[in-house]
1. Taking Cα pairs under 8 Å and at least six residues apart, what relative contact order does region 95-254 come out at, in percent?
2. As an exercise, use a Förster radius of 41 Å and the Cβ-Cβ distance of Arg128 and Ala62 to find the FRET efficiency, rounded to the nearest 0.05.
3. Between Val183 and Val91, how high is the FRET efficiency from 1/(1 + (r/R0)^6) when r is the Cβ-Cβ distance and R₀ = 45 Å? Nearest 0.05.
4. Which one, Gln80, Gly186, Ala170, is farthest towards the positive end of the dipole of region 34-192 when Lys and Arg carry +1 and Asp and Glu -1 on their Cβ?
5. Kindly list the residues of region 74-94 that lie in the label zone of Ala151, defined by a backbone N under 17 Å from the point 7 Å along the Cα-to-C-beta vector.
Amino acid sequence: MSEWLVLTLAIAAACAVVIAVTLLRHRTAGEDDDPSETPDVIEYMTMWIGVVYAIVLGLAIAGVWEARGAAQDHVQAEAQALHEISERVRVYPADVRDRIRADVNAYAGHVVTTEWKTMAAHGTLTVRGRELLQRIRQDVTDHEPATDFQAQAYQPLLDQVAAADAARAARADSAGSTMPPVVWFGLIAGAVVTIGMVFALQIRRSARELVLAGLFSALIAFLLFLIWDFDAPYGRGFTASAQPFLALFPGLHR
């Protein structure tokens, strides 16, 4: 299902529930029911509930946005390390250089075409990707430098392999959802309480108040959608991009 369809349905459902409940209360209200008699303490509590929930929503949005940025940084670091390996092996013999570059391109191509889809669908990395990275490590470590120039490049190459491995591990850690279930429970429960306070204030006196109540509910639904969409850095609409791999390895195609 498209993320935008999910957003549209969530907003429509929130507005429909608020309007339906409000109209139902308006029809079932007794003749002696006076909306102007809402106690001041309820209005005070509603204000503070809204403020606290707004802070919680802001922190949640900031958290998932930061996680998305960190996920993009992991991709950039991994792609850059692989690019450095591919460039620094130029001092090696032609057969070794070509083999390492071929393995680097194979790994990068696997990440972009296959592993990215696996991360989006299941939140995990592939066994094949780990095997391809291990092959790069073996190519680099098994070569015995024949000249001083090659010996000087040997340790930096090992460092770049380690950097790529660390970036891959970090990418694996950020592939799944970043928000724990208990936080989602709090966000949804807070939305129910916050919108429920609209009814406690008896928002049913005019069409204008009914529209405002619907817009308020739609705003909360939209903010929850943003958190849900950012919650999977590699899996939904506003995701981390594989562009660093495509930029550093122009021969790759998604």
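Here, each number is a calculation from the coordinates, and none is a lab measurement. Since the model is a prediction, treat every value here as computed from it, not as a measurement. Glycine also receives a Cβ, built like all others from the backbone with ideal geometry; neighbour counts cover every protein chain displayed.
1. 33 percent
2. Numbers: r = 35 Å, r/R0 = 0.87.
FRET efficiency, Arg128 to Ala62: 0.70.
3. Approximately 0.35, to the nearest 0.05.
4. Working it through, the farthest residue towards the positive pole turns out to be Gln80.
5. Under cut-off, by backbone N: 91-93.
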